[in-house]
1. Open to solvent by 30 Å² or more (accessible area, probe 1.4 Å) and in contact with a strand residue (DSSP E or B) (Cβ under 8 Å, 6 or more places away or on another chain): which single residue out of Ala42, Ala63, Ala72 fits that description?
2. So which of Ala24, Ala54 is surrounded by fewer than 17 Cβ atoms within 10 Å (Cβ to Cβ), touching a helix residue (DSSP H, G or I) at 6+ places or on another chain (Cβ under 7 Å), closer than 21 Å to Lys1 by Cα and of a type in the set (Gly, Ala, Ser)?
Amino acid sequence: KELAESMKLMRIDSEMMGLWAITAGVLNMGNIEFKKEGDGFASVKNPDVVKKVADLWGISDKALAERLTTAAMVVMKKNITKKVNSDEAATNRKMFLRTKFFVFV
């Protein structure tokens with residue numbers, strides 16, 4: 001609450017707040033941890049962090065968790081989604097961030 005009031009005093013508008021939400025989400029993505037399930041595939045170890053990021057970005061936490069633990073590809077004009085193993089999950093997260101937010105870097 002105090003932060004919101006301070007931002008109003010500094011004349012930071014809703015557009016600027018959107019940029020802060022994106023930045024905070026990107027930073028929090030680095031806190032998402034993955035664990036290895038019995039089948040060797042990855043799952044999110046701390047869903048509370050996924051929820052925090054999803055809330056900041058205004059998206060579904062379930063959809064974000066699924067995107068981080070799966071990879072999609074097109075084979076013979078068909079979309080195929082596969083689970084990623086626990087070793088690939090961190091790389092998958094990194095590539096997600098690069099393609100969504102850092103296209104110009």
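1. Testing whether each residue is open to solvent by 30 Å² or more (accessible area, probe 1.4 Å) and in contact with a strand residue (DSSP E or B) (Cβ under 8 Å, 6 or more places away or on another chain) leaves just Ala72.
2. Of Ala24, Ala54, the one residue that is surrounded by fewer than 17 Cβ atoms within 10 Å (Cβ to Cβ), touching a helix residue (DSSP H, G or I) at 6+ places or on another chain (Cβ under 7 Å), closer than 21 Å to Lys1 by Cα and of a type in the set (Gly, Ala, Ser) is Ala24.
The values are calculated or read from the model by the stated rules, or taken from the named source; none is laboratory data. Remember, predicted model here, so these are calculated numbers, not experimental data. Neighbour counts are summed over all protein chains in view; Cβ atoms, including those assigned to glycine, are modelled from backbone coordinates with ideal geometry. Quick note on the areas: whole protein, heavy atoms, side chains included, nothing else; ligands and nucleic acids left out. Shrake-Rupley method; radii C 1.70, N 1.55, O 1.52, S 1.80 Å.
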